[in-house]
Each structure stands twice: as structure tokens, then as C-alpha cells.
Amino acid sequence: MSLRTESKRDAEASPPSNDGATIDAGTHAWRRNLSIGNIGAVYVWIAIIAIFAIWSPSQFVQGYTLRAVVNYYAVTGLAALAVLVPMAAGTFDASIGGNMSLAGVVCAYLLIHTGLSLPVVIAISLGTGLALGLLNVLVVVVLGIPSLIGTLATWLIADALSVAISGNATIGSSRTSGSFAHFLSNASLFGFSI
């Protein structure tokens, strides 16, 4: 028997492909992924933009409005992104606020009380956040404590450390204000604060 005869017989034995069913399954998957249950917040966001664009088009639909929203809510957006990764994995990280607070206090403390350069201070501040993240890994993954309970505990530890480092007072000096603060507060890229 030749190879050509075997391939012809295999083609006859296999059922014909149903491209319509494949397209329907793909359409169904798109509809499911774009459903209100999956991305309802995006639909609410679009509705809010549409309502304000209709209500006050001369003020809302302007470039400066977009820049203001992005500039004022950049930190909140970064915190939301930090919460997104654990949520996508099916866990919850309640220590984000404490982590941001502790890293900020460590940064301010080092700028005021040491002569370290700005890149070193930033690296140490980021290392502080990394250390708290590794503590979360130890508590949740290694010790097996539920993520909400474990990260609430690390949040409280980070807040307590922030209060201890700052002496429960606002940290400020000429090194965290003046030209340094002016440079950071006015730095922009394409009209957006960075």
C-alpha cells in the first residue's frame, strides 16, 4: 500500500472541520471576557467619562484635565497596580499602604540624617520595600498564613516602623525641600509629572 493511499484514507476517516464552530467559540470567549462581571469597572469608568464629557465638554474634554488626573492620582495608580498582581494570583496584599509609608519615611530620614547621595537613598528605600515584600512571602508562602491576615500583620509592622523612625512627626528639612523638592515636583515628560 502506498503512502498516498494511506493519507487519503486518513483524510476520509477524519471528520470535516467546522470552521463556523471555531469562530463561534472564539466570539463566545470574547463576549465572556468582555462581560460586565469581568470588567464592569471599565464600563463604569467609560460611563463616567461620557457623562462628564456631555455635561461639561468645554472643561472636561481638554488636555489639561487628563494631565491633572494623571498627575494627582499617579501614586494611587501605582498602589493599585501593586495590589493587582497578588489579586491576579488569587491572594490579597493589605500591606501596600504600610510598605509605601515605610519606604517614604526611610527615604526622608536618610536624606535628612545622612550625607548619602540621592541614588543610594532611592536604592535603600526600594530595598526597604523589597524587604517587606520578602517578609510577606515568608509569612504567606512559607508559614502558610492566609494572605489577608499575614499581610495585615506586616502592614501594621511597617506602620509601627514608620512611626518609630519618624518619631510620629512630619520629617522635613532643607534637603527634602528647596531645589530638590522643586526639581522633583516640576519634573515632567510630555506634559505629565514623573
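When region 94-140 is limited to residues that are in contact (Cβ under 8 Å) with a residue 12 or more places away in the chain and assigned to a loop (DSSP other than H, G, I, E, B), the one that is nearest to Leu156 (Cα to Cα) turns out to be Ser95. So Ala53 passes all but one of these: (1) open to solvent by less than 90 Å² (accessible area, probe 1.4 Å); (2) touching a residue at least 12 places away in the same chain (Cβ under 8 Å). Which condition number does it fail? It fails just one condition, (2).
To keep it simple, each residue is scored yes or no on (1) among the aliphatic types (A, V, I, L, M); (2) closer than 14 Å to Leu148 by Cα.
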{"site": "Ala79", "(1), (2)": "yes, no"}
{"site": "Val83", "(1), (2)": "yes, yes"}
{"site": "Thr91", "(1), (2)": "no, yes"}
{"site": "Leu102", "(1), (2)": "yes, no"}
{"site": "Val105", "(1), (2)": "yes, no"}
{"site": "Leu111", "(1), (2)": "yes, no"}
{"site": "Leu116", "(1), (2)": "yes, no"}
{"site": "Pro119", "(1), (2)": "no, no"}
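Among the candidates Tyr64, Tyr73, single out the residue that is loosely packed, with under 11 Cβ neighbours inside 10 Å, hydroxyl-bearing (Ser, Thr, Tyr) and either at pLDDT below 85 or touching a Gly at 6+ places or on another chain (Cβ under 8 Å) (or both). Tyr64 is the lone residue from the list that is loosely packed, with under 11 Cβ neighbours inside 10 Å, hydroxyl-bearing (Ser, Thr, Tyr) and either at pLDDT below 85 or touching a Gly at 6+ places or on another chain (Cβ under 8 Å) (or both).
Residue count for region 119-174 under the criterion of being open to solvent by 50 Å² or more (accessible area, probe 1.4 Å) and among the hydroxyl-bearing types (Ser, Thr, Tyr): the result is 2.
Set side by side, the residues Gly90, Gly97 differ, and just one is within 16 Å of the chain's Cα centre (by Cα), on the phi > 0 side of the Ramachandran plot and open to solvent by 40 Å² or more (accessible area, probe 1.4 Å), which is Gly90.
In this entry, Ser177 is excluded by the filter for residues that are surrounded by fewer than 17 Cβ atoms within 10 Å (Cβ to Cβ) and at pLDDT below 65.
The values are calculated or read from the model by the stated rules, or taken from the named source; none is laboratory data. Given the structure is predicted, the values throughout are model-derived calculations rather than measurements. For neighbour counting, all protein chains shown are included, and Cβ atoms are generated from backbone atoms with ideal geometry for every residue, glycine included. The area values use the complete protein model at the heavy-atom level, side chains included, leaving out ligands, DNA and RNA. Shrake-Rupley method; radii C 1.70, N 1.55, O 1.52, S 1.80 Å.
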